[in-house]
1. Could you work out which residue, out of Pro214, Pro362, Pro259, moves most in a Gaussian network model of the chain, that is, has the largest mean-square fluctuation with Cα springs under 10 Å?
2. Report relative contact order for the range 106-215 in percent, whole number only (criteria: Cα-Cα under 8 Å, sequence separation at least 6).
3. Which one, Ser213, His272, Ala188, projects farthest toward the positive side of the charge dipole computed for the range 144-287 from Cβ point charges (K/R +1, D/E -1)?
4. Karplus couplings for the range 287-298 from phi (6.51 cos²θ - 1.76 cosθ + 1.60, θ = phi - 60°), rounded to Hz, Gly and Pro as x?
5. Taking the DSSP beta bridges in the chain as the whole, what percent of them are antiparallel, to the nearest 5?
6. Placing unit charges on C-beta atoms (Lys and Arg positive, Asp and Glu negative, everything else neutral), compute the dipole magnitude of the chain about its Cα centre in debye, rounded to 20.
7. How do Arg6, Arg398, Arg164 rank by accessible surface area computed with a 1.4 Å probe, from largest to smallest?
8. Between Ser186 and Glu391, with labels modelled 7 Å along Cα→Cβ, what's the label distance in nm to one decimal, could you check?
Amino acid sequence: MYDQVRKTDPAIAELLELELGRQRSQLEMIASENFTSRAVMETMGSTLTNKYAEGYPGKRYYGGCVHVDEAERLAKRRAMELFGAERANVQPHSGSTANMTAYLAFLKPGDKILGLSLSHGGHLTHGHPVNFSGLLFEALHYEVSPETETIDYDKLRDQALAERPRMIVGGASAYPRFWEYEKLRSIADEIDAILMFDMAHIAGLVAGGVHASPVPHCDVVTTTTHKTLRGPRGGLVLSRKEHFKAINKMNFPGIQGGPLMHVVAAKAVCFHECMQDEFKTYAQAMVDNAKALGEGLLAKGFHLVSGGTDNHLLLVNVSNKGLTGKAMEELLEHVGITCNKNTVPFDQESPFVTSGVRLGTPALTTRGMGVAQMGQIANIIDGAVQNRENEDALNKLRTEAEELCREFPLYPGM
Ligand code: DSN
(Lines give C-alpha, C1' and ligand atoms only; values in the text may rest on other atoms or scores of the structure.)
Protein backbone atom coordinates (compact mmCIF):
# COMPACT_ATOMS: atom_id res chain seq x y z
CA MET A 1 0.00 0.00 0.00
CA TYR A 2 1.11 3.58 -0.70
CA ASP A 3 4.05 2.37 -2.89
CA GLN A 4 4.03 5.45 -5.10
CA VAL A 5 3.80 7.86 -2.20
CA ARG A 6 6.65 6.09 -0.44
CA LYS A 7 8.86 6.62 -3.51
CA THR A 8 7.92 10.28 -3.90
CA ASP A 9 7.34 11.45 -0.36
CA PRO A 10 8.36 9.07 2.42
CA ALA A 11 7.33 11.56 5.11
CA ILE A 12 3.71 11.58 3.96
CA ALA A 13 3.77 7.81 3.26
CA GLU A 14 4.76 7.24 6.86
CA LEU A 15 1.88 9.40 8.09
CA LEU A 16 -0.56 7.47 5.89
CA GLU A 17 0.67 4.18 7.38
CA LEU A 18 0.48 5.55 10.90
CA GLU A 19 -3.05 6.81 10.39
CA LEU A 20 -4.16 3.45 8.98
CA GLY A 21 -2.62 1.83 12.06
CA ARG A 22 -4.42 4.27 14.36
CA GLN A 23 -7.78 3.65 12.70
CA ARG A 24 -7.23 -0.11 12.94
CA SER A 25 -6.18 -0.16 16.57
CA GLN A 26 -8.62 2.29 18.21
CA LEU A 27 -12.34 2.01 18.83
CA GLU A 28 -13.62 4.82 16.61
CA MET A 29 -16.68 6.35 18.25
CA ILE A 30 -16.81 9.84 16.76
CA ALA A 31 -20.45 9.90 15.68
CA SER A 32 -19.72 11.74 12.43
CA GLU A 33 -16.95 9.40 11.25
CA ASN A 34 -17.08 6.14 9.35
CA PHE A 35 -14.91 3.79 7.31
CA THR A 36 -15.73 4.18 3.65
CA SER A 37 -15.36 1.28 1.22
CA ARG A 38 -12.27 0.50 -0.85
CA ALA A 39 -14.41 1.16 -3.94
CA VAL A 40 -15.19 4.69 -2.74
CA MET A 41 -11.53 5.31 -1.91
CA GLU A 42 -10.33 3.95 -5.26
CA THR A 43 -12.71 6.31 -7.04
CA MET A 44 -11.46 9.26 -4.97
CA GLY A 45 -7.90 8.35 -5.89
CA SER A 46 -8.69 8.18 -9.61
CA THR A 47 -7.81 10.27 -12.69
CA LEU A 48 -11.06 12.19 -12.27
CA THR A 49 -9.14 14.42 -9.87
CA ASN A 50 -7.41 15.86 -12.93
CA LYS A 51 -10.55 17.15 -14.59
CA TYR A 52 -12.00 20.65 -14.57
CA ALA A 53 -15.77 20.55 -15.11
CA GLU A 54 -17.24 23.90 -14.08
CA GLY A 55 -20.92 23.87 -14.93
CA TYR A 56 -23.33 20.94 -15.01
CA PRO A 57 -23.58 17.80 -17.20
CA GLY A 58 -24.12 18.78 -20.84
CA LYS A 59 -23.41 22.44 -20.06
CA ARG A 60 -19.79 22.81 -19.02
CA TYR A 61 -17.21 25.53 -19.44
CA TYR A 62 -14.51 22.99 -20.40
CA GLY A 63 -14.09 20.36 -23.10
CA GLY A 64 -13.41 16.70 -22.42
CA CYS A 65 -16.25 16.29 -19.96
CA VAL A 66 -17.95 13.32 -21.64
CA HIS A 67 -17.08 10.80 -18.93
CA VAL A 68 -17.36 13.05 -15.90
CA ASP A 69 -20.75 14.19 -17.23
CA GLU A 70 -21.93 10.59 -17.13
CA ALA A 71 -20.50 10.09 -13.62
CA GLU A 72 -22.33 13.18 -12.35
CA ARG A 73 -25.59 12.11 -14.03
CA LEU A 74 -25.31 8.71 -12.34
CA ALA A 75 -24.64 10.34 -8.96
CA LYS A 76 -27.65 12.63 -9.34
CA ARG A 77 -30.01 9.88 -10.52
CA ARG A 78 -28.96 7.59 -7.69
CA ALA A 79 -29.27 10.33 -5.05
CA MET A 80 -32.81 11.13 -6.25
CA GLU A 81 -33.80 7.46 -6.27
CA LEU A 82 -32.22 6.73 -2.90
CA PHE A 83 -33.95 9.62 -1.13
CA GLY A 84 -37.10 9.95 -3.26
CA ALA A 85 -36.14 13.52 -4.12
CA GLU A 86 -37.28 15.43 -7.20
CA ARG A 87 -33.83 16.92 -7.80
CA ALA A 88 -30.24 16.57 -6.53
CA ASN A 89 -27.13 18.70 -6.70
CA VAL A 90 -24.10 16.49 -5.99
CA GLN A 91 -21.41 19.15 -6.32
CA PRO A 92 -21.12 20.70 -2.82
CA HIS A 93 -17.60 20.15 -1.53
CA SER A 94 -18.86 19.82 2.04
CA GLY A 95 -21.85 20.04 4.33
CA SER A 96 -21.07 23.70 4.94
CA THR A 97 -21.16 24.61 1.24
CA ALA A 98 -24.32 22.52 0.83
CA ASN A 99 -25.91 24.58 3.61
CA MET A 100 -24.60 27.85 2.20
CA THR A 101 -26.08 26.86 -1.17
CA ALA A 102 -29.47 26.14 0.37
CA TYR A 103 -29.54 29.39 2.39
CA LEU A 104 -28.47 31.68 -0.41
CA ALA A 105 -30.79 30.03 -2.93
CA PHE A 106 -33.74 31.09 -0.78
CA LEU A 107 -32.59 34.01 1.36
CA LYS A 108 -30.98 37.40 1.19
CA PRO A 109 -28.30 38.54 3.66
CA GLY A 110 -30.03 39.94 6.73
CA ASP A 111 -33.02 37.56 6.54
CA LYS A 112 -33.99 35.72 9.71
CA ILE A 113 -33.29 32.02 10.15
CA LEU A 114 -34.33 29.86 13.10
CA GLY A 115 -32.19 26.78 13.83
CA LEU A 116 -31.32 24.53 16.77
CA SER A 117 -28.78 26.12 19.10
CA LEU A 118 -25.27 24.64 18.81
CA SER A 119 -25.11 24.05 22.55
CA HIS A 120 -28.40 22.11 22.36
CA GLY A 121 -27.15 19.80 19.60
CA GLY A 122 -27.31 22.05 16.53
CA HIS A 123 -24.52 22.85 14.10
CA LEU A 124 -22.20 25.80 13.51
CA THR A 125 -23.75 26.40 10.10
CA HIS A 126 -27.23 26.69 11.59
CA GLY A 127 -26.66 30.32 12.56
CA HIS A 128 -23.81 30.37 15.06
CA PRO A 129 -22.40 33.92 15.35
CA VAL A 130 -18.82 32.90 14.42
CA ASN A 131 -19.99 31.10 11.26
CA PHE A 132 -21.01 32.59 7.87
CA SER A 133 -24.59 31.60 8.70
CA GLY A 134 -24.62 33.83 11.78
CA LEU A 135 -22.62 36.58 10.08
CA LEU A 136 -24.82 36.77 6.97
CA PHE A 137 -28.24 36.19 8.48
CA GLU A 138 -30.10 37.28 11.57
CA ALA A 139 -29.94 33.96 13.33
CA LEU A 140 -32.34 32.89 16.06
CA HIS A 141 -32.21 29.62 17.92
CA TYR A 142 -34.61 27.14 19.41
CA GLU A 143 -33.66 24.77 22.18
CA VAL A 144 -34.50 21.51 23.90
CA SER A 145 -36.72 21.40 26.97
CA PRO A 146 -34.84 21.31 30.30
CA GLU A 147 -37.12 18.51 31.54
CA THR A 148 -37.08 16.08 28.60
CA GLU A 149 -33.89 17.28 26.86
CA THR A 150 -35.80 16.86 23.59
CA ILE A 151 -36.84 19.61 21.19
CA ASP A 152 -39.56 21.80 22.60
CA TYR A 153 -41.79 22.15 19.52
CA ASP A 154 -44.36 24.32 21.36
CA LYS A 155 -41.70 26.85 22.25
CA LEU A 156 -40.23 26.63 18.75
CA ARG A 157 -43.71 27.48 17.39
CA ASP A 158 -44.06 30.43 19.79
CA GLN A 159 -40.66 31.74 18.67
CA ALA A 160 -41.54 31.26 15.01
CA LEU A 161 -44.86 33.12 15.38
CA ALA A 162 -43.21 35.95 17.30
CA GLU A 163 -40.12 36.35 15.10
CA ARG A 164 -41.43 35.18 11.72
CA PRO A 165 -38.11 33.84 10.35
CA ARG A 166 -37.84 33.45 6.58
CA MET A 167 -36.44 29.94 7.07
CA ILE A 168 -36.71 27.23 9.73
CA VAL A 169 -33.71 24.91 9.87
CA GLY A 170 -34.06 21.38 11.23
CA GLY A 171 -31.26 18.92 11.86
CA ALA A 172 -28.43 18.56 14.33
CA SER A 173 -24.98 17.25 15.02
CA ALA A 174 -25.58 16.04 18.56
CA TYR A 175 -29.26 15.17 18.95
CA PRO A 176 -30.07 11.53 19.70
CA ARG A 177 -33.81 11.57 19.03
CA PHE A 178 -36.24 11.33 16.10
CA TRP A 179 -37.32 14.60 14.49
CA GLU A 180 -40.97 15.48 14.09
CA TYR A 181 -40.95 16.70 10.49
CA GLU A 182 -44.73 17.19 10.35
CA LYS A 183 -44.57 19.63 13.25
CA LEU A 184 -41.73 21.59 11.63
CA ARG A 185 -43.68 21.72 8.35
CA SER A 186 -46.84 22.92 9.99
CA ILE A 187 -44.99 25.67 11.92
CA ALA A 188 -43.22 26.75 8.72
CA ASP A 189 -46.58 26.84 6.89
CA GLU A 190 -48.15 29.00 9.59
CA ILE A 191 -45.61 31.74 8.93
CA ASP A 192 -45.03 31.00 5.26
CA ALA A 193 -41.37 30.13 5.92
CA ILE A 194 -39.07 27.86 3.98
CA LEU A 195 -38.29 24.57 5.69
CA MET A 196 -34.76 23.28 5.34
CA PHE A 197 -33.51 20.11 6.98
CA ASP A 198 -29.84 19.22 7.38
CA MET A 199 -29.89 15.43 7.70
CA ALA A 200 -26.09 15.02 7.66
CA HIS A 201 -26.00 12.86 10.77
CA ILE A 202 -28.96 10.62 9.98
CA ALA A 203 -28.73 10.41 6.17
CA GLY A 204 -27.58 6.77 6.33
CA LEU A 205 -30.48 5.91 8.61
CA VAL A 206 -32.88 7.56 6.17
CA ALA A 207 -31.23 5.83 3.18
CA GLY A 208 -31.39 2.50 4.98
CA GLY A 209 -35.08 2.95 5.78
CA VAL A 210 -34.76 2.93 9.58
CA HIS A 211 -35.60 6.63 9.99
CA ALA A 212 -38.39 8.51 8.26
CA SER A 213 -37.26 10.83 5.50
CA PRO A 214 -37.44 14.62 5.82
CA VAL A 215 -37.56 14.94 2.00
CA PRO A 216 -41.37 14.86 1.52
CA HIS A 217 -41.84 17.55 4.18
CA CYS A 218 -39.14 20.05 3.24
CA ASP A 219 -38.40 22.60 0.56
CA VAL A 220 -34.75 21.68 0.68
CA VAL A 221 -32.69 18.96 2.39
CA THR A 222 -28.92 19.00 2.77
CA THR A 223 -26.46 16.38 3.92
CA THR A 224 -22.86 15.35 4.00
CA THR A 225 -22.04 12.05 2.34
CA HIS A 226 -19.40 10.71 4.73
CA LYS A 227 -21.14 10.15 8.06
CA THR A 228 -23.77 7.41 8.43
CA LEU A 229 -24.01 7.42 4.62
CA ARG A 230 -20.43 6.04 4.57
CA GLY A 231 -19.34 7.69 1.34
CA PRO A 232 -16.62 10.17 0.38
CA ARG A 233 -16.18 13.45 2.29
CA GLY A 234 -18.60 15.87 0.62
CA GLY A 235 -22.07 17.42 0.47
CA LEU A 236 -25.41 17.01 -1.30
CA VAL A 237 -28.52 19.18 -1.76
CA LEU A 238 -31.92 17.61 -2.45
CA SER A 239 -34.84 19.76 -3.46
CA ARG A 240 -38.17 20.08 -5.13
CA LYS A 241 -38.18 20.63 -8.88
CA GLU A 242 -39.24 24.28 -8.65
CA HIS A 243 -36.20 25.24 -6.53
CA PHE A 244 -33.63 23.34 -8.54
CA LYS A 245 -32.52 26.17 -10.85
CA ALA A 246 -31.92 28.57 -7.97
CA ILE A 247 -29.96 25.91 -6.08
CA ASN A 248 -27.79 24.99 -9.06
CA LYS A 249 -27.05 28.63 -9.80
CA MET A 250 -26.12 29.34 -6.22
CA ASN A 251 -23.78 26.36 -5.84
CA PHE A 252 -22.04 27.16 -9.12
CA PRO A 253 -21.18 29.91 -9.95
CA GLY A 254 -22.54 31.44 -6.75
CA ILE A 255 -20.31 29.66 -4.26
CA GLN A 256 -18.02 27.07 -5.80
CA GLY A 257 -15.81 26.85 -8.86
CA GLY A 258 -14.81 23.51 -10.37
CA PRO A 259 -16.50 20.51 -8.77
CA LEU A 260 -14.34 17.71 -7.36
CA MET A 261 -15.25 15.14 -10.01
CA HIS A 262 -13.37 12.31 -8.30
CA VAL A 263 -15.55 12.94 -5.23
CA VAL A 264 -18.72 13.33 -7.30
CA ALA A 265 -18.04 9.90 -8.86
CA ALA A 266 -17.30 8.46 -5.41
CA LYS A 267 -20.67 9.82 -4.24
CA ALA A 268 -22.26 7.80 -7.08
CA VAL A 269 -20.49 4.68 -5.77
CA CYS A 270 -21.68 5.45 -2.24
CA PHE A 271 -25.31 5.87 -3.35
CA HIS A 272 -25.11 2.57 -5.23
CA GLU A 273 -23.81 0.87 -2.08
CA CYS A 274 -26.62 2.45 -0.05
CA MET A 275 -29.23 0.89 -2.36
CA GLN A 276 -28.11 -2.65 -1.53
CA ASP A 277 -29.92 -4.80 1.05
CA GLU A 278 -26.72 -5.05 3.04
CA PHE A 279 -26.88 -1.32 3.72
CA LYS A 280 -30.39 -1.65 5.21
CA THR A 281 -28.99 -4.25 7.61
CA TYR A 282 -26.10 -1.92 8.41
CA ALA A 283 -28.43 1.04 9.12
CA GLN A 284 -30.54 -1.03 11.51
CA ALA A 285 -27.40 -2.35 13.22
CA MET A 286 -26.11 1.22 13.85
CA VAL A 287 -29.32 1.97 15.76
CA ASP A 288 -29.40 -1.39 17.58
CA ASN A 289 -25.80 -0.86 18.64
CA ALA A 290 -26.41 2.66 19.90
CA LYS A 291 -29.39 1.43 21.93
CA ALA A 292 -27.34 -1.44 23.38
CA LEU A 293 -24.47 0.88 24.29
CA GLY A 294 -26.96 3.29 25.86
CA GLU A 295 -28.52 0.53 27.96
CA GLY A 296 -25.06 -0.59 29.09
CA LEU A 297 -24.13 2.95 30.13
CA LEU A 298 -27.46 3.63 31.85
CA ALA A 299 -26.97 0.47 33.91
CA LYS A 300 -23.64 1.95 35.09
CA GLY A 301 -25.26 5.21 36.18
CA PHE A 302 -24.32 7.38 33.21
CA HIS A 303 -26.60 10.30 32.35
CA LEU A 304 -27.70 10.05 28.73
CA VAL A 305 -29.12 13.32 27.43
CA SER A 306 -32.85 12.71 26.68
CA GLY A 307 -32.56 9.35 28.46
CA GLY A 308 -31.40 7.33 25.46
CA THR A 309 -31.28 7.32 21.69
CA ASP A 310 -33.31 6.70 18.54
CA ASN A 311 -30.35 6.97 16.20
CA HIS A 312 -26.63 6.26 15.88
CA LEU A 313 -25.38 8.49 18.70
CA LEU A 314 -25.46 9.07 22.41
CA LEU A 315 -24.79 12.31 24.22
CA VAL A 316 -23.41 11.49 27.65
CA ASN A 317 -23.38 14.14 30.38
CA VAL A 318 -20.47 13.06 32.56
CA SER A 319 -20.75 15.74 35.25
CA ASN A 320 -22.38 13.26 37.66
CA LYS A 321 -19.17 11.20 37.36
CA GLY A 322 -17.07 14.14 38.49
CA LEU A 323 -15.56 14.67 35.04
CA THR A 324 -15.69 17.31 32.33
CA GLY A 325 -16.21 16.37 28.69
CA LYS A 326 -12.58 17.28 27.97
CA ALA A 327 -11.27 15.01 30.74
CA MET A 328 -13.58 12.18 29.60
CA GLU A 329 -12.41 12.49 25.99
CA GLU A 330 -8.79 12.28 27.15
CA LEU A 331 -9.51 9.39 29.49
CA LEU A 332 -11.24 7.40 26.74
CA GLU A 333 -8.43 8.10 24.29
CA HIS A 334 -6.06 6.66 26.91
CA VAL A 335 -7.98 3.36 26.84
CA GLY A 336 -8.19 3.25 23.04
CA ILE A 337 -11.60 4.83 22.44
CA THR A 338 -11.79 7.88 20.17
CA CYS A 339 -14.69 10.26 20.72
CA ASN A 340 -15.27 13.99 21.07
CA LYS A 341 -16.13 16.22 23.98
CA ASN A 342 -19.47 17.90 23.40
CA THR A 343 -21.58 20.53 25.10
CA VAL A 344 -24.79 19.25 26.64
CA PRO A 345 -27.99 21.32 26.86
CA PHE A 346 -27.69 24.14 29.42
CA ASP A 347 -23.96 23.39 29.80
CA GLN A 348 -22.14 25.53 32.35
CA GLU A 349 -18.71 24.69 30.90
CA SER A 350 -17.09 26.39 27.91
CA PRO A 351 -17.13 24.68 24.48
CA PHE A 352 -13.44 23.83 24.99
CA VAL A 353 -14.20 21.99 28.21
CA THR A 354 -17.89 20.93 28.07
CA SER A 355 -19.78 18.55 30.35
CA GLY A 356 -20.30 15.73 27.89
CA VAL A 357 -19.02 13.40 25.24
CA ARG A 358 -20.72 12.28 22.06
CA LEU A 359 -20.44 8.59 21.21
CA GLY A 360 -21.46 7.12 17.87
CA THR A 361 -21.74 3.64 16.39
CA PRO A 362 -21.35 4.13 12.58
CA ALA A 363 -17.66 3.21 12.36
CA LEU A 364 -17.69 0.27 14.78
CA THR A 365 -20.80 -1.12 13.08
CA THR A 366 -18.95 -0.96 9.74
CA ARG A 367 -16.22 -3.08 11.37
CA GLY A 368 -18.90 -5.68 12.09
CA MET A 369 -19.32 -5.11 15.82
CA GLY A 370 -22.73 -5.85 17.31
CA VAL A 371 -24.67 -5.53 20.54
CA ALA A 372 -22.38 -7.93 22.45
CA GLN A 373 -19.38 -5.72 21.70
CA MET A 374 -21.37 -2.62 22.70
CA GLY A 375 -21.93 -4.20 26.14
CA GLN A 376 -18.20 -4.84 26.38
CA ILE A 377 -17.43 -1.24 25.36
CA ALA A 378 -19.87 0.10 27.99
CA ASN A 379 -17.86 -1.91 30.54
CA ILE A 380 -14.55 -0.49 29.24
CA ILE A 381 -15.95 3.05 29.48
CA ASP A 382 -17.22 2.48 33.01
CA GLY A 383 -13.97 0.76 34.00
CA ALA A 384 -11.98 3.75 32.75
CA VAL A 385 -14.09 6.17 34.77
CA GLN A 386 -13.88 4.04 37.92
CA ASN A 387 -10.13 3.46 37.61
CA ARG A 388 -9.09 6.82 36.25
CA GLU A 389 -6.28 7.13 38.80
CA ASN A 390 -5.06 3.55 38.32
CA GLU A 391 -2.61 3.32 35.41
CA ASP A 392 -2.38 -0.51 35.50
CA ALA A 393 -6.13 -0.88 35.26
CA LEU A 394 -6.27 1.65 32.40
CA ASN A 395 -3.55 -0.23 30.52
CA LYS A 396 -5.56 -3.47 30.86
CA LEU A 397 -8.62 -1.73 29.47
CA ARG A 398 -6.59 -0.42 26.56
CA THR A 399 -5.36 -3.96 25.82
CA GLU A 400 -8.99 -5.13 25.88
CA ALA A 401 -9.96 -2.40 23.39
CA GLU A 402 -7.05 -3.36 21.11
CA GLU A 403 -8.05 -7.03 21.23
CA LEU A 404 -11.58 -6.08 20.24
CA CYS A 405 -10.15 -4.16 17.28
CA ARG A 406 -8.10 -7.19 16.22
CA GLU A 407 -11.21 -9.39 16.34
CA PHE A 408 -12.88 -7.06 13.81
CA PRO A 409 -10.14 -6.26 11.29
CA LEU A 410 -10.32 -3.01 9.37
CA TYR A 411 -9.33 -2.88 5.70
CA PRO A 412 -7.82 -6.38 5.70
CA GLY A 413 -5.34 -6.76 2.88
CA MET A 414 -4.69 -3.04 2.57
N1 DSN B 1 -18.40 18.32 12.51
C2 DSN B 1 -19.46 17.39 12.25
C3 DSN B 1 -19.77 16.54 13.43
O4 DSN B 1 -18.85 16.07 14.03
O5 DSN B 1 -20.93 16.32 13.75
C6 DSN B 1 -20.67 18.05 11.75
O7 DSN B 1 -20.37 18.71 10.58
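The values are calculated or read from the model by the stated rules, or taken from the named source; none is laboratory data. Just so it is clear, the model here is predicted, and its values are computed rather than measured. All Cβ positions, glycine included, derive from the backbone under ideal geometry; neighbour counts span all protein chains shown. These accessible areas exclude ligands, DNA and RNA; they are computed on the full protein's heavy atoms, side chains included. Shrake-Rupley method; radii C 1.70, N 1.55, O 1.52, S 1.80 Å.
1. In the Gaussian network model the winner is Pro259.
2. Details: 181 pairs, mean separation 26.8, N = 110.
Computed value for the range 106-215: 24 percent relative contact order.
3. Among Ser213, His272, Ala188, the one farthest towards the positive end of the dipole of the range 144-287 is His272.
4. Listing the rounded values in order: 6, 4, 5, 5, 5, 5, 4, x, 5, x, 6, 4 Hz.
5. On the way: 21 of 38 bridges.
Antiparallel bridges: around 55 percent, rounded to the nearest 5.
6. About 1240 debye.
7. Numbers: Arg6 100, Arg398 70, Arg164 130 Å².
Result, largest first: Arg164, Arg6, Arg398.
8. According to this spin-label approximation, the distance is 6.0 nm.
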